[in-house]
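Shown next, in structure tokens, is the structure this report addresses.
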Amino acid sequence: MAKDPFEIIAEALETYWTSPIPLIVVFACLACIGTLAYVFVTNARNAKLRVSLLTGLYTVSIFFWIFIASSLVLCISLSSMVAYRRWGVQVAAGAAILLAVGLSGAVSLVVWRRGAARVLRKVPNRPPSDSERWLAEYVDLVRRFESIPPVELRITEDPRAIAMAVSGKRHVVVVSTGLLGSLDRDEAEAVVAHEMMHIKNHDSRFKVFSTVASRFLFWDPFSKFFDPAVHREREYLADEMGGRTTGKPGALASALLKIHETGTAAPTGLAGLSVLGPEGGIFSRFPPLKERINRLILLSDILGLAK
């Protein structure tokens with residue numbers, strides 16, 4: 001009597017997931033994720049290393065989930081071979097590993113190389129006009145003072161308050177006409193300095209990578225919990241470094257408050273990249289606005305006492 005197809009699939013899944021090779025791959029991935037997370041936590045001052053570690057975490061996560069999905073597909077499509085053939089599990093596991101390596105490498109490479117261009121295509125932008133040239137000169141001044149690679153200022157015609165740093169083949173700071181129209185000069189410079197610190201700390205490259213990758217891994221707990229926590233940390237750091245660079249952390253606090261009060265923050269698709277976005281909860285990439293302002297005011301008092 002022929003076995004029921006579902007019974008064969010159940011036997012294939014049981015045989016596969018109780019075999020050494022798939023279990024070794026799964027535990028190796030979890031061990032890599034744990035090791036990378038530990039090194040990340042213990043290297044709080046090495047910004048470049050931490051960005052590389054986070055990128056590695058995403059790559060391993062992509063590999064892990066593609067391996068799981070590939071294994072399930074192969075177990076179902078090749079159930080008779082996996083369940084009853086001597087080398088069935090080895091063939092299925094080997095194919096799943098090859099698929100996971102190939103696809104995770106391809107996805108990570110495409111996101112890393114093309115993510116910034118994709119983001120910039122979503123934001124129509126132009127060079128600064130003559131009346132906006134002062135801001136481009138300020139960007140260059142901060143760049144030279146902080147030893148940052150060349151940064152291009154771009155303007156987007158948008159009534160909403162948008163300011164973001166995007167790094168790929170080149171470093172770009174994009175600000176909207178809405179933001180420039182709602183802030184005074186000191187506030188606009190403070191916002192731009194904040195975005196420049198994201199470039200200096202390599203956050204701008206990782207923010208683009210993680211924004212695109214997290215959409216691909218929409219079910220992945222790492223991208224839902226750990227990644228937002230890291231982004232909140234990097235916003236605090238960019239606030240502090242930007243405030244120290246300008247010497248006017250109060251101007252950034254004022255700018256953040258104005259953006260919040262006007263209710264014209266960046267659109268949803270760009271909210272994770274702009275200077276201010278949805279806050280609150282473990283899923284938010286932005287720390288509470290009140291805490292950001294309190295820290296900036298405290299920094300202003302410290303800098304004032306140091307004069």
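The values are calculated or read from the model by the stated rules, or taken from the named source; none is laboratory data. These figures come from a predicted structure and were not determined experimentally. Cβ atoms come from the backbone with ideal geometry, glycine included; neighbour counts cover every protein chain shown.
Consider R133 carefully, then state whether it is in the same structural domain as R292 (by TED's automatic domain parsing), touching a residue at least 60 places away in the same chain (Cβ under 8 Å) and among the basic types (K, R). No; evaluated as a whole, the condition is false for this residue. Screening G263 with (1) farther than 20 Å from R160 by Cβ; (2) surrounded by fewer than 18 Cβ atoms within 10 Å (Cβ to Cβ); (3) modelled with pLDDT under 85 gives one miss only, at (1).
When the range 76-125 is filtered for residues that are more than 30 Å from D203 (Cβ to Cβ), buried (at least 19 other Cβ atoms within 10 Å of the Cβ) and polar (S, T, N, Q), only S79 remains.
Within the range 158-170, can one find any residue that is touching a residue at least 60 places away in the same chain (Cβ under 8 Å), within 23 Å of F286 (Cβ to Cβ) and assigned to a helix (DSSP H, G or I)? Looking through the range 158-170, none of the residues is touching a residue at least 60 places away in the same chain (Cβ under 8 Å), within 23 Å of F286 (Cβ to Cβ) and assigned to a helix (DSSP H, G or I).
To keep it simple, each residue is scored yes or no on (1) on the phi < 0 side of the Ramachandran plot; (2) among the hydrophobic types (A, V, I, L, M, F, W, C); (3) at pLDDT 95 or above; (4) under 16 Å from the mean Cα position of the chain (by Cα).
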residue	(1), (2), (3), (4)
V123	yes, yes, no, no
D130	yes, no, no, no
M164	yes, yes, no, yes
S167	yes, no, no, yes
L180	yes, yes, no, no
M197	yes, yes, no, yes
F209	yes, yes, no, yes
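Residue by residue, here is whether (1) in contact with a helix residue (DSSP H, G or I) (Cβ under 6 Å, 6 or more places away or on another chain); (2) part of a loop (DSSP other than H, G, I, E, B); (3) under 16 Å from I97 (Cα atoms) holds:
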position	(1), (2), (3)
E7	no, no, no
E14	no, no, no
P22	yes, no, yes
C29	yes, no, yes
G34	no, no, no
A37	no, no, no
F40	yes, no, no
N43	yes, yes, no
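Residues in the range 275-290 that are small (G, A, S), over 13 Å from L256 (Cα atoms) and surrounded by 17 or more Cβ atoms within 10 Å (Cβ to Cβ): S284 only.
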